[in-house]
Amino acid sequence: MPIPFDANDLEATRRQNRMLARMPRVTMHGLQRVVLQGLMNFVGKFATAALRKEGVDVDNRTVSALGRTAAVQIIRPRGPVSGVHIDIHGGGWSTGRAYMDGELNAAIAKTAGVVVVSIDYRLIPNVPLSEIFNDCETAARWVLDEGLNAFGVDRVTIGGESAGAHLAAVTLLRLRGKPYFENIIGALLLHGCYDMSGTPSMHTAPRDTLLLHAPSMDKLMGIVCNGISAEARRDPALSPLYADLTGLPPALFIVGTADPLIDDTRLMFEKWSAQSGGAELEIVAEAPHGFNRFDSSTARKTNAYTRAWLAARFDARLKPPAAA
């Protein structure tokens with residue numbers, strides 16, 4: 001069954017959208033990126049202490065695998081654990097830190113009884129996209145090679161939002177066929193970008209699109225992909241939508257109808273369903289990009305649903321939410 005939204009939730013989304021319509025749109029490059037990242041770095045200094053007040057243990061550390069290192073934030077509930085969830089934050093590949101998912105990850109840790117390993121990957125333009133891919137693969141391989149034994153579990157899920165969903169999909173494809181890949185039992189993918197050349201909904205998004213500055217999105221993807229042509233950006237190594245998706249675990253896709261990346265999710269869900277099966281899709285009426293981050297009943301129900309979906313992956317006694 002779908003997420004149980006009602007008329008009150010739709011009105012809450014509309015109130016949220018009216019607020020967003022009065023706010024500047026996010027570009028994720030240029031001066032705005034510098035200012036945003038500076039603010040995030042400042043707030044991050046206080047994030048760990050705030051998280052510990054949520055009743056979880058937090059460890060910011062560097063892990064190693066494949067001859068490389070990567071920074072992670074590990075959030076662990078204070079009790080038995082049944083698995084590991086790998087989280088990859090969003091931010092247009094150019095902004096963000098692992099701590100920005102801390103509140104959501106703490107709720108996942110406590111609800112699903114799992115350790116959450118959030119990857120604090122390096123950012124554009126400090127490193128090329130290939131190095132971001134390496135950071136995510138390194139951290140994920142550490143979880144599979146060492147983390148499972150360290151935490152005493154044998155099951156893993158992976159997920160992300162926006163750019164983080166793209167990176168989660170790329171990481172899954174890099175891990176496929178490698179040791180312990182069969183231990184990955186689910187992927188949680190929210191409003192992701194899976195075509196770096198841009199899907200039709202991105203190219204036709206109006207200037208007044210909420211949250212994201214639609215006219216600059218193609219420019220951002222060009223910057224992220226180091227200026228290569230749109231055709232070259234369809235390389236399956238960059239754009240998971242063009243990859244072979246066979247052999248991937250069950251996945252939950254979520255996107256709003258007001259999101260310019262809605263075609264990315266729809267097309268990725270259809271291909272995942274056809275080639276791997278086990279995919280579920282939730283399309284949220286009138287919701288913009290990143291809607292689950294706002295204080296609304298729509299966001300709360302969505303986040304509760306994702307936690308229940310993850311918990312069901314780890315606990316066979318729980319019935320997972322049914323597909324819509």
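Each value in this text was obtained by applying a stated rule to the coordinates, not by laboratory testing. Just so we're clear, the structure is a prediction, and the values are computed from it rather than from any experiment. Counting neighbours? That spans all protein chains shown, and the Cβs are built from the backbone with ideal geometry, glycine included.
Using the basic label-point model (7 angstrom from Cα toward the beta carbon), what is the TYR180 to ARG15 distance in nanometres?
Each label point is offset 7 Å from its Cα along the Cβ direction, giving 4.6 nm.
So I have (1) 0.93; (2) 1.02; (3) 0.98, and one of them is Rg/Rh (Cα atoms, Kirkwood Rh) calculated from this model. Which one is it?
(1)
Could you rank the peptides 186-198, 103-115 by their average count of other C-beta atoms within 10 Å per residue, with the highest value first?
Taking the mean over residues of other Cβ atoms within 10 Å, the ranking is 186-198, 103-115.
If the chain between GLU270 and THR62 were fully stretched, how many nm would it gain, using 0.36 nm times the residue separation less the Cα-Cα distance?
71.2 nm
For the chain, give me the percentage of DSSP beta bridges that are antiparallel, rounded to the nearest 5 percent.
So the antiparallel bridges in the chain amount to around 35 percent.
Could you calculate the contour length gain from ARG22 to ASP295, that is, 0.36 nm times the residue separation minus the distance between their Cα atoms, to one decimal place in nm?
My answer for the length gained is 96.6 nm.
For the chain, what is the number of Lys pairs with C-alpha distance below 22 angstrom, counting only pairs 8 or more positions apart or on separate chains?
Total qualifying Lys-Lys pairs in the chain comes to 5.
Which trypsin sites (Lys or Arg not before Pro) in the stretch 205-288 pass both tests, a DSSP loop state and at most 10 other beta-carbon atoms within 10 Å?
ARG207
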